[in-house]
Each structure stands twice: as C-alpha cells, then as structure tokens.
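Visitor: What follows is a structure written as structure tokens; I'll ask about it next.
The values are calculated or read from the model by the stated rules, or taken from the named source; none is laboratory data. In this text the structure is predicted, and so the values were computed from the model without any measurement. Reconstructed Cβ throughout: ideal geometry from the backbone, glycine too, with neighbour counts over all protein chains shown. SASA here: full protein model, heavy atoms, side chains in, ligands and nucleic acids out. Shrake-Rupley method; radii C 1.70, N 1.55, O 1.52, S 1.80 Å.
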Amino acid sequence: DPQYAPLDPIPDDIPISEFMLNEKYGRTPHAQSRDPFTCGLTGKSYSSRATVDRVDHFARGLAKELGWAPNQGTEFDKTVGVFSVNTIDAVPFFWGVHRLGGVVSPANAAYSAAELKYQILDSGAKALFTCVPLLSVALEAAALAGLPKNRVYLMDVPEAIMGGAKVPSGFKTTEQLAEAGKSLPSLEPLNWGPGEGARRTAFLCYSSGTSGLPKGVMISHRNVIANTLQITAFEKYHRASQPLTNGQPLHTDVSIGLLPQSHIYALVVICHAGPYRGDQVVILPKFELNVYLRAIQQFKITSLFLVPPIIINMLRSQDVCSKYDLSSVKTLFTGAAPLGMETALDFQKVYPNVVIRQGYGLTETSTVVSSTLPGDVVLGSSGCFLPGVEARIMTPEGEEVTSYDTPGELVVRSPSVVLGYLNNEKANKETFEDGWMRTGDEAVVRKGPNGTEHVYIVDRIKELIKVKGLQVAPAELEAHLLTHPAVADCAVIAIPDDAAGEVPKAVVVKSASAGSDEDAIEAIKKHVQDHKARHKWLKGGVRFMDAIPKSPSGKILRRLLRDQEKEARRK
Ligand code: 4UW
C-alpha cells in the first residue's frame, strides 16, 4: 500500500535479541541513545549499551546454571517459565533466553498456583523465574508441577512492593546469574541458517483462541521481528504525514509500561516495538492510580498504553487525576477490548490535546493487526491495517464479503501470524490455514472521511471473555465448575460491565445434592475464588436453569444464552 513507508525485509535467521540489540538491524541512533527500560518507582535504568551487556551476562549465567548451550537441542528443551510482576529486567532477561535459543513462557502474575501449574506443565518449562511477592504461589505451583525447588529463581523487584520481605536465602536471583555470567567465557554464536528464526518459537504465551482451554501460542522470532517492523513502518508513515507538533518532530518517546509484560500487548507493542524505535519505557510493577499518575508527571510520559478499564478508571477519578500534571501526554493507545464511544468522547473532552489511537490484534498475530493513523482518528474505529497485513471478511457460509459496511468474521494473513498452538492439531486446523488466521472477531470495513479503509470490531464470534483486557476462557471455568458437587451442568458467558468491559456469568443446572439457591450461589462463587485468578471470578453472578441449551452435537448454544441475558437486562 503506497500510503505506508515500505516494510523493511524481515530477517529470519536471527533471534529477537540480536534484532533488538544490534545496530545493524535498524534500531536508530536515536534509539541507541536512550535507556530502553526505566523503573517508574526507583528511577533505576540501564543504558542501551549496558542492556546489551546485561543480556549477554544473563545468557552466560543461565547457560552455566542450567547446563544449556546455544546450539544444543530444540528450543523447547530450553523453555523458561516466568511468573513475575513487571520489572526492568524482564525483557532483557527474555532476550538472554533467546540468545541461548530458548523459549520464554510468561504467565499472568495474577494466576493461582493451580493456573500456574497448568502452564508450567503444558509449556514444559524447565525452570521458573518469579519474584519475592509471588514466591509462595510460585513454589506451590512448582511443587504441584513436579518442578524441583532449585529450579525456581527470583527476579529483582523494587523494595517498595516487597512489603518488608527480604530475598529469602536458598534461592538464586537473576542478579546473581548476571554477576556469575560476567566472568564466564563468551557463548558460541547461534548457528542459524536462513529460515531458522521463522521456525523457532521465542515466546509461548497463553490464549484460548476461538474455543476451549488456554493453549500455548508458538510465537516465532520472526513473528515478533515482523510485527515490530510493521509497527515501525506504520509509525514512519504517520510521522511523515504529520511531522511537526509545536515545532518538534512527533516522537512517542517516553511511554508507560504498566500493562502486564506477560500479555502480548505489553510484551510486543510496548516492550519491543517501543524500544526498537526509541521509546524509553517507564516500567511499573502493578496498577495503582496515584503511583501511575505520579510516574506520568515525574517522567513526562508522552504516550500512554492502556486498556479501556484504566481509561474509565481515570475518567471516574478526575479529582485524583487533576492533582497531577499530565500535560506531557500526547498520545493514548488503547486496545485489547473495545473502547466505548462514550468513554472516547469523555476522554477527548477532559484531555483535548491527547490523540486517541486504537489498536486491534491478538496473541495469535504477535499483536497488532490494525491501528489508528494519527491525523486519521475516527473514534470507534480500530484504524487501518498495518503494512504486510492482508484481511478478508467472511460470512458464516464461507463467502468473502466484498462490500463496505457488511459484517463478517475477520480473517487475516500477516508475517506476524504465529506458528500455531503447541501440541494441538485440532485447534490448529480450526484456526490456521495457508498463513491465514481466523480471528473469531466480527468486523466491518468502512471507508473513512480521509479515504482510508477503517476496520471496526463489532462483535465477538468466539467463546472468549475479555475482563479488563485479559482473557477468560469459558471452557476453563466450565470445566472447573463441573468439579463442584452443586453443579450438574453449566455454561459460562460474558455480560457487559461498566468498569471491566465484560465479566463472566455462570448459568448452572443445580445437582440433586445442592442446597438452597442462595447457598449454591455462594458455594459456586467461592469455588472459583479459591482456585482462579481474580479476573476470572463470577462477577456477573450465577443463574440457575433446568437445562443448558445445546446443539444436537452437544455444543453449548452460547449466543442463545447471551441473547436471553440481553433480553432479561432490557426488562
Ligand atoms: N477492539 C475490540 C480492540 C481489540 C479487541 C483486541 O489477549 P489477546 O490475544 O490480545 C490482545 C491484544 C491487544 C492489542 C492489540 C493491538 C494493539 O495495538 C493494542 O494496543 C494498542 C492491543 O488483547 O486478545 C485478542 C482479542 O481481544 C479483542 C479481540 O476479541 C481479539 O480477538 N480485542 N483488541 N481494539 N476488541
């Protein structure tokens, strides 16, 4: 598409670490001169040069510790699980694993021990890197998964979030690995030929896709490199089209790294594409409104990367927000769930100088498929497709929609479409074909006022529930609910929620042994709270039915349940 800067060739014979750290691959001099990651609590920071060394030290220390070598075995022989709050060390540590040809499988820091155990076992992680605040959950999960205690390591986190706890003895830290790495001999280079980076998994992130349980998404080195270059080309276009802001080149220079680094949005968009083009990412370990606002003021943040629930939170807390100087902010990026039109308009009113940009994408596309071009903001739209993305809108009958304004399932092809799900032929067959990927999202394409084609995500066809932008797989909650004696059958559906976007609700057929409705509701809710991360809790409540509506083949008729809910709420 001639309106974009051309997409640079996508290297396919190097790991992500090499792409991010070696000037040869196009990181600009501007980028080289900035610290990629800075701690928003302590101000601790490493220069680009120091980051290169640190990655090398992590890699050497880890190789020695675990007996790994760059060219030994497959990448899955070297899978490392990470269960930590955000830190400035996380991504450089990931690059250290990549330097060894290994795989990083990041888990949501809100996970329960049972959820983490699932990911450790499913990913085949050989070691687990956690942090002091999460250590007890990590140890419980490691024990459940049969991972020895001496394969659990600690990452450095700011003291402010350790609640007075000290680093317990008996655990090695990433800092010690780096320290040891300094005096170890250099590692042999990875002997990758052409295409190796396209075949090798770099990240194993978890997504439930269109249905079923969370699955390991095999994101290759080339996938992440591709999306980074696609985003870069897209950004170059908007800088060319809108070069000046108050006499300064428009740069998204200092961004907020508050969203979880275990999720593809923060992992790729904020922590790879950002530093690649020269962003300094100010990392915060968790969301706390005052801390976040203070960081914006202190570090003069220019771009916010948020999800709609945080935007809503800001708008509802104007008394707090107005105490801080947020005037440095030029751009708000939002994604991971739809941004309500009202929210967008309210934000625009309160912060008229901030450009709202919406991105759309998935774990299975190594993040971004489409994004707003500045100067071409149409509220409600998820913007234009990135260079290198091909898109089709398909009817349920499998016909391609060729007219504007006609909804259908969005199917995409892009160099960022992942290798597939780990050990899951069935899901792979249903989702991927010839490089094309079924998103499970319903979309329309409309011609925008500037003549560009805009994509709008209008509905979700797949089972997935999005709570605060995080995935909740109905099938996972249903399987869990069925283990409770009060539940004979059940279905979990999404219902809208003002603050979280959506929340899960359980529709349950009570078993003969269940007590009163009230008792059963309490027991069922507690059963989820005791075993699942907070965002999966049944905030939408529990409703009883005589039978779950199902198709002749036994599939839950989710749309019918959802329509019933809508109808009930309207009354
Ligand atoms: N509008 C409506 C949206 C939107 C959306 C995602 O957890 P995953 O697998 O992945 C993500 C990715 C978030 C993201 C992508 C690109 C981008 O630029 C950005 O921020 C600026 C964030 O969340 O969930 C994928 C599913 O999440 C929904 C949609 O259903 C998709 O299949 N989703 N973005 N803008 N829905």
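Visitor: Please find, among A473, A479, the residue that is under 27 Å from P214 (Cα atoms) and out of contact with any Ser or Thr (no Cβ under 8 Å at 6 or more places or on another chain).
Guide: A479
Visitor: So which of G101, G81, G124 ends up being open to solvent by 20 Å² or more (accessible area, probe 1.4 Å) and farther than 22 Å from K44 by Cβ?
Guide: When all the criteria are applied, what remains is G124.
Visitor: Is there any pair linking a residue in region 455-474 that is within 7 Å of the ligand (Cβ to nearest atom) and among the aliphatic types (A, V, I, L, M) to one that is open to solvent by 40 Å² or more (accessible area, probe 1.4 Å) and assigned to a strand (DSSP E or B), with Cβ under 8 Å and at least six apart or on different chains, and which?
Guide: Close Cβ pairs satisfying both conditions: I457/E442; L464/Q471.
Visitor: How many residues are closer than 17 Å to E476 by Cα and either open to solvent by 40 Å² or more (accessible area, probe 1.4 Å) or more than 31 Å from the chain's Cα centre (by Cα) (or both) when one looks only at region 538-547?
Guide: Of the residues in that region, 1 qualify.
Visitor: Now a separate question. Identify all residues within region 51-76 that are charged (D, E, K, R) and either within 25 Å of M162 (Cα to Cα) or out of contact with any strand residue (DSSP E or B) (no Cβ under 9 Å at 6 or more places or on another chain) (or both); write none if there are none.
Guide: D53, R54, D56, R60, K64, listed by residue number.
Visitor: Let me ask something else. If the Cβ limit is 6 Å and pairs must be 6+ apart or interchain, which residue in region 520-544 that is in a loop (DSSP other than H, G, I, E, B) pairs with which residue that is of a type in the set (V, I, T) and surrounded by 16 or more Cβ atoms within 10 Å (Cβ to Cβ)?
Guide: W537/V528; L538/V528; K539/V503; G540/I495; G540/V503
Visitor: State yes or no: is R446 under 21 Å from the mean Cα position of the chain (by Cα) and open to solvent by 60 Å² or more (accessible area, probe 1.4 Å)?
Guide: no
Visitor: Moving on to the next point. Give just the number: which of (1) touching a helix residue (DSSP H, G or I) at 6+ places or on another chain (Cβ under 7 Å); (2) assigned to a helix (DSSP H, G or I); (3) away from the ligand (no atom under 14 Å from the Cβ); (4) open to solvent by 10 Å² or more (accessible area, probe 1.4 Å) does G197 not satisfy?
Guide: Single failed check for G197: (4).
Visitor: Kindly list, by first and then second residue, each pair from a residue in region 369-397 that is acidic (D, E) to a residue that is in a loop (DSSP other than H, G, I, E, B), limited to pairs with Cβ atoms under 9 Å and residues at least 6 apart or on different chains.
Guide: D376/G383; D376/G448; D376/P449; D376/N450; D376/T452; E390/S414; E390/G435
Visitor: Let me ask something else about it. Condition check: open to solvent by 70 Å² or more (accessible area, probe 1.4 Å) and either assigned to a helix (DSSP H, G or I) or closer than 20 Å to G81 by Cβ (or both). Does A160 satisfy that?
Guide: yes
Visitor: Further question on the same structure: Provide a single number: the residues in region 292-328 that are part of a loop (DSSP other than H, G, I, E, B) and either crowded, with 20+ Cβ neighbours inside 10 Å or touching a residue at least 40 places away in the same chain (Cβ under 8 Å) (or both).
Guide: Residues in region 292-328 being part of a loop (DSSP other than H, G, I, E, B) and either crowded, with 20+ Cβ neighbours inside 10 Å or touching a residue at least 40 places away in the same chain (Cβ under 8 Å) (or both): 5 in total.
Visitor: Only one of these conditions is not met by H484: (1) within 30 Å of A107 (Cα to Cα); (2) of a type outside the set (A, V, I, L, M); (3) in contact with a Pro (Cβ under 8 Å, 6 or more places away or on another chain); (4) part of a loop (DSSP other than H, G, I, E, B). Which number is it?
Guide: Here H484 clears every test but (3).
Visitor: Among the residues of region 168-179, count how many are open to solvent by 60 Å² or more (accessible area, probe 1.4 Å) and under 21 Å from V80 (Cα atoms).
Guide: Result for region 168-179: 4.
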